[in-house]
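Novice: This is the structure I have questions about; it appears just below.
The values are calculated or read from the model by the stated rules, or taken from the named source; none is laboratory data. Quick caveat: nothing in here was measured; it's all calculated off a predicted structure. Note that we place each Cβ from the backbone using ideal geometry, even for glycine, and neighbour counts take in every protein chain shown. Heads up: the accessible areas ignore ligands, DNA and RNA and are worked out on the full protein's heavy atoms, side chains in. Shrake-Rupley method; radii C 1.70, N 1.55, O 1.52, S 1.80 Å.
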Amino acid sequence: MEMLGTRDVYGKTLVELGRENENIVVLDADLASSTRTSYFAKEFPHRFFNMGVSEQDLIGTAAGLALAGKLPFVSSFAIFLAGKGWEPIRQSICIPNLDVKLVATHGGITVGEDGASHHSTEDFALMRVLPNMTVICPADGVETEKAIREIVKHRGPTYVRLARPKFPVVLDHTYQFQLGRSFTLREGKDLTMIATGIMVYNCLRAAEELDKEGISAAVVNMSTLKPIDVPAIARAARQTGAILTAEEHSVIGGLGSAVAEVVSQNCPVPMKIIGVDDLFGVSGNADKLMEHFRLTYPYIVEGARQLLGMK
Amino acid sequence: MKLSRKKIEELKETARICRRDILRMTTLAASGHPGGSLSCIDILVTLFFARMRHNPRQPKWEGRDRFFLSKGHSCPALYAVLSRAGYFPVEELDTLRKLNSILQGHPDMLYTPGVEVSSGSLGQGLSIGNGVALAAKLDRRDIKVYVMMGDGECQEGMVWEAAMTSAQHKLDNLCAFVDYNRLQIDGWIDDIKSLEPLQLKWESFGWKALIIDGHSIEEIWEGLMEADRTKGKPTVCIARTVKGKGVSFMENQAKYHGMALTPEELSKALQELE
């Protein structure tokens, strides 16, 4: 199975975009080597600004650069960018609707050993609630490249969440990322699994297991969390009559909530939300933590069975 | 370059008119922030009517100098200046804070021509000014960036994050003002969280720091000239000001930070500003 680091792909894609578009500037807050903006810094030192450990200033400066006609890409760890940066993102980027691309790495709990302070299980909720904001979480490295290229064409505040570890590649290279459109990776009749990020792969594995039990599960990659693909959700509800969501994020406020907002008001069917329970993270390696927080495929299989019981 | 006597008198007259605008519009809105608007108005008038290159008929002209009102609550001062400069009709001032007005309770660049960025949550204008100043250096564009901060605002940590950035990048195309009227919402700054020694703080952050009388056109002008002469570092003018300046019963009163005058108080105040 091919493995690709979403942050590695981001770093390389930024360099390519930097060559194509000299308006692009990149800002980081002392985590450039981890977020991979260091690749851009090396090639375009005069268009890279390391703001030091100052996340609020990072956001404000990016807003100023955008006002002056630059296209800023801003990176840090998800918890620091979305968390510490939140209010300046609201005031100085979203209210004036500025074209700033926020690309966070180290989302979710697969940050691993660093523990609760560095995990980000709240960023979807924090970003999704902001008017004018677009929220994206690619399923793998292939989609990361396409999404990063696509958001350059989209005008407005954008948040992209990437991860620390390498992810299995689930999309082939002909895949076309479309902002606001989900992508069905597997058709099914009995339920639809709507997932984002690493959970897309885990849902595909769960679907294979369910298949052995004679349960037919569709798997949909919902990489754009906002604006969410309402027609696809409504179609899934109509066609399969049950929806399971899966995300490496709190069960409160993220993909599950976004899907439930659509399902409950347009096409009510039973739902199951798989995610991190309302708890902070703990230290451990990424694989162990996925198991600890019940995000691996056997828990998705179990969730699917429960869901079918509600049909 | 020196300002002529005639120009100084002209600016003082514009400031007097703007003070009347500030009080009228906030009383009509029955809310808003007159105190801190009156303390910074002389600086805004000097910038917009004597110093900055800008074009009210082309608010987005690329070659313009930029003014960022980081202390967004003082927008009645900015709105008065923008309308008197011709960005929008003076009659619009009567709609301040009302539904469907182009004049929001705090500045919003999507609603008001001439407003460079939305503000209201304190502490963010200097970072934004830095971003514009950095872009200007990158593009070798000869523009000046001005940022107006409040004194209470300097209690925000983000201001000092930004102060380090301006110095790190030697942003001598940026000039900041601190409207040092010594009052914040809950009382005297020195009783709540003192900024002193403020000049030394800015200097130790790598800035040229001047102390000026923020109600003297001559001293404001001299500060601007000194900022232009200063190379390799940003300049801050710490402007000693009086909250509520120009109306006897409003001066140095914290309560007029966020309270408009009643119609009766307004007519008394306007008499003082005849």
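Novice: Scan segment A:236-262 for residues that are under 24 Å from A:His154 (Cβ atoms) and surrounded by fewer than 16 Cβ atoms within 10 Å (Cβ to Cβ) and report the count.
Specialist: 1
Novice: Hey, another quick one. Residues B:Leu47, B:Leu82: which one is open to solvent by less than 10 Å² (accessible area, probe 1.4 Å) and farther than 11 Å from B:Tyr146 by Cα?
Specialist: Result of the check over B:Leu47, B:Leu82: B:Leu82.
Novice: Of the residues A:Arg205, A:Arg238, which is closer than 30 Å to A:Leu279 by Cβ and out of contact with any strand residue (DSSP E or B) (no Cβ under 9 Å at 6 or more places or on another chain)?
Specialist: The unique qualifying residue is A:Arg205.
Novice: Now for a separate question. Identify, by number, the condition in (1) of a type in the set (Phe, Trp, Tyr); (2) without any contact (Cβ under 8 Å) to a residue 40 or more places away in the chain; (3) part of a helix (DSSP H, G or I) that A:Phe80 doesn't meet.
Specialist: All conditions are met except number (2).
Novice: Here's something else I'd like to know. Taking into account only those residues within segment B:139-177 that are part of a helix (DSSP H, G or I), touching a Lys or Arg at 6+ places or on another chain (Cβ under 7 Å) and of a type outside the set (S, T, N, Q), which is surrounded by the fewest Cβ atoms within 10 Å (Cβ to Cβ)?
Specialist: Applying the filter and picking the extreme gives B:Ala167.
Novice: Taking the condition open to solvent by less than 10 Å² (accessible area, probe 1.4 Å), in the same structural domain as A:Leu17 (by TED's automatic domain parsing) and either of a type outside the set (D, E, K, R) or within 19 Å of A:Asn21 (Cα to Cα) (or both), does A:Phe80 pass?
Specialist: So A:Phe80 does not fit the description; no.
Novice: Still on this structure, please answer the following. Given (1) among the aliphatic types (A, V, I, L, M); (2) surrounded by fewer than 21 Cβ atoms within 10 Å (Cβ to Cβ); (3) in contact with a Leu (Cβ under 6 Å, 6 or more places away or on another chain); (4) over 27 Å from A:Gly284 (Cβ atoms), where does A:Val129 come up short, assuming only one miss?
Specialist: With respect to (1) among the aliphatic types (A, V, I, L, M); (2) surrounded by fewer than 21 Cβ atoms within 10 Å (Cβ to Cβ); (3) in contact with a Leu (Cβ under 6 Å, 6 or more places away or on another chain); (4) over 27 Å from A:Gly284 (Cβ atoms), A:Val129 is out only on (3).
Novice: Within segment B:250-270, track down each residue that is open to solvent by less than 50 Å² (accessible area, probe 1.4 Å) and assigned to a loop (DSSP other than H, G, I, E, B).
Specialist: B:Met250, B:His257, B:Gly258, B:Ala260, B:Leu261
Novice: Okay, moving on. Across segment A:165-191, what is the total count of residues that are closer than 22 Å to A:Phe293 by Cα and open to solvent by less than 60 Å² (accessible area, probe 1.4 Å)?
Specialist: Selection size over segment A:165-191: 3.
Novice: Restricting to segment B:107-133, what's the tally of residues that are open to solvent by less than 10 Å² (accessible area, probe 1.4 Å) and either assigned to a helix (DSSP H, G or I) or more than 7 Å from chain A (Cβ to nearest Cβ) (or both)?
Specialist: 13
Novice: Counting only residues that are open to solvent by 10 Å² or more (accessible area, probe 1.4 Å) and not small (Gly, Ala, Ser), which one in segment B:231-240 is nearest to the chain's Cα centre (by Cα)?
Specialist: Restricting to residues being open to solvent by 10 Å² or more (accessible area, probe 1.4 Å) and not small (Gly, Ala, Ser), the top hit is B:Arg240.
Novice: Of all residues being open to solvent by less than 10 Å² (accessible area, probe 1.4 Å), not in a helix (DSSP H, G or I) and not aliphatic (A, V, I, L, M) in segment A:83-100, which is farthest from the other protein chains (Cβ to nearest Cβ)? Just the residue, please.
Specialist: Filtering segment A:83-100 for residues that are open to solvent by less than 10 Å² (accessible area, probe 1.4 Å), not in a helix (DSSP H, G or I) and not aliphatic (A, V, I, L, M), the one farthest from the other protein chains (Cβ to nearest Cβ) comes out as A:Gly85.
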